[in-house]
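Notes follow the structure.
Just so you know, all these numbers are worked out from the coordinates, no wet-lab data involved. It should be emphasised that the depicted structure is a prediction, and the values quoted were computed from it without experimental measurement. Note that we place each Cβ from the backbone using ideal geometry, even for glycine, and neighbour counts take in every protein chain shown.
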Protein chains: 2
Amino acid sequence: MARYGKEHKQATRQRIIDVAGGRLKRDGIHGSGIATLMADAGLTNGAFYAHFESKEDLVASAVAEQLREQRESFSAQPPGRAGLEQIVRAYLSVAHRDNPEGGCPSAALLDEITRSTDATKRAYTDGLLVVIDDVAARLASDDPKWARMKTLSVFALMVGTLQVSRALSDRKLADEVLEQGIQNALALLDADHPSMRRR
Amino acid sequence: MARYGKEHKQATRQRIIDVAGGRLKRDGIHGSGIATLMADAGLTNGAFYAHFESKEDLVASAVAEQLREQRESFSAQPPGRAGLEQIVRAYLSVAHRDNPEGGCPSAALLDEITRSTDATKRAYTDGLLVVIDDVAARLASDDPKWARMKTLSVFALMVGTLQVSRALSDRKLADEVLEQGIQNALALLDADHPSMRRR
DNA sequence: TGTACATCAGTGAACGCGCGTTCACTGATGTAC
DNA sequence: TGTACATCAGTGAACGCGCGTTCACTGATGTAC
């Protein structure tokens, strides 16, 4: 192949990471083989190890990238509380549930991340906290540690709700779970004054 | 081997299902191979297909069994609201988080169940609803459909919270997530009158 | 009561397959002369 | 300006391995005579 400038190899690496992000979320880590993944990126399997040390290395990179993209997606919403509600409603939407490939990496991969290497778990933790702190800023609290915890716990609620909705084979029930999840998330966010931390 | 009564083969099948339950929750579906699974049950790989049609058949059976056991575990708690709180605190405990093998099948397997066959998803849905309705009876509501939805959505919160706590590589933060999850779950359960369904 | 036989849960080797990973090689290019 | 060479991103075949699944076989037993 052609001898390109140094930006070309980086672009290829990024393309692999992007393709992997979607595949991992749709088919899971074990369900995404390197050969088919590279084919999706328009390359052959052998080229993989010119870009990554191992499959787990790619997984960690892809998870980090997915969280970066999720952060941007959340940031695109209006500022403050209004945006918060939009984030919740978009997250717990039928469209998001039915499109894991383009959706939240936590909802699609949490179980498998838990069973992954420490490096992957660290990449996940670091990336998630950036997302969370970014959203937590909307709470405009003078207690940033409390805002982080509040946001993180409501996020966990949303992740679990989306997953349960995806797993239920009864579609009507699955839709109702999303709706109830929105109510629950908003209710918890409404109780956002430190004085209300315990009921 | 010996020719036993008909109860013997059933006992063997049950043993495989029980062993599989723990292995699946610890290592995931893809991480649990049939050969090692059968070895754990004291058998060789070939015997597997005398008991199950396929691996997915076992997975569906094991998921159903795990949910049956979870129902029993929840039922063992004191009746009414007091038991509810104990269920929440046990579920969102450090002990449960650090022992997926003996814990909740939803928290350990939801992502993979979502990607499984319809039969497995149906087994999951059916088994989960029995668990949920059983717990929902503690709310003693005159609106059983509302009680189911309330319970199911709080359960989803707990599942997501446990998963996030498991994935975080920062243990202190992971512990705090559990604690906040307990507060959130109890707060939502406290708002259990139909008149309070919308804030 | 003693013996031959049918039963059938379990054995263990083998199957094709896709996995993650390695590596000798290719070939288009920028650079040196 | 023209030619030889070094570079290196990407190729594609091959590796050992464990996967899910199949199947001819084993052998201890309850039953029939």
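Details
- A single member of B:116, B:106 is over 21 Å from residue B:137 (Cβ atoms) and either over 13 Å from the mean Cα position of the chain (by Cα) or part of a helix (DSSP H, G or I) (or both), and it is B:116.
- The residue that is surrounded by the most Cβ atoms within 10 Å (Cβ to Cβ), counting only those in the range A:26-37 that are aliphatic (A, V, I, L, M) and under 21 Å from residue A:102 (Cβ atoms), is A:29.
- Unmet criterion (only one of (1) crowded, with 22+ Cβ neighbours inside 10 Å; (2) within 18 Å of residue B:181 (Cβ to Cβ); (3) not charged (D, E, K, R)) for residue A:149: (1)
- Residue match in the range B:49-59 (condition: in contact (Cβ under 8 Å) with a residue 40 or more places away in the chain, away from DNA strand D (no atom under 11 Å from the Cβ) and of a type in the set (A, V, I, L, M, F, W, C)): no
- Filter result for residue A:167 (among the small types (Gly, Ala, Ser) and at the interface with chain B (Cβ under 9 Å from one of its Cβ atoms)): yes
- Flag if residue B:169 is outside any helix (DSSP H, G or I) and of a type outside the set (Asp, Glu): yes
- Residue identified as surrounded by fewer than 16 Cβ atoms within 10 Å (Cβ to Cβ) and farther than 23 Å from residue A:190 by Cβ among A:134, A:98: A:98
- Flag if residue A:147 is of a type in the set (Gly, Ala, Ser), assigned to a helix (DSSP H, G or I) and within 30 Å of residue A:94 (Cβ to Cβ): yes
- Residues that are within 15 Å of DNA strand C (Cβ to nearest atom), of a type in the set (Lys, Arg) and under 22 Å from residue A:120 (Cα atoms) number at least 2 in the following helices (runs of 4 or more DSSP H) confined to the range A:1-80: A:6-27.
- Matching option when the condition is of a type in the set (Gly, Ala, Ser) and crowded, with 23+ Cβ neighbours inside 10 Å, among A:127, A:160: A:160
- Which listed residue is among the β-branched types (Val, Ile, Thr) and out of contact with any helix residue (DSSP H, G or I) (no Cβ under 7 Å at 6 or more places or on another chain), from A:114, A:125: A:125
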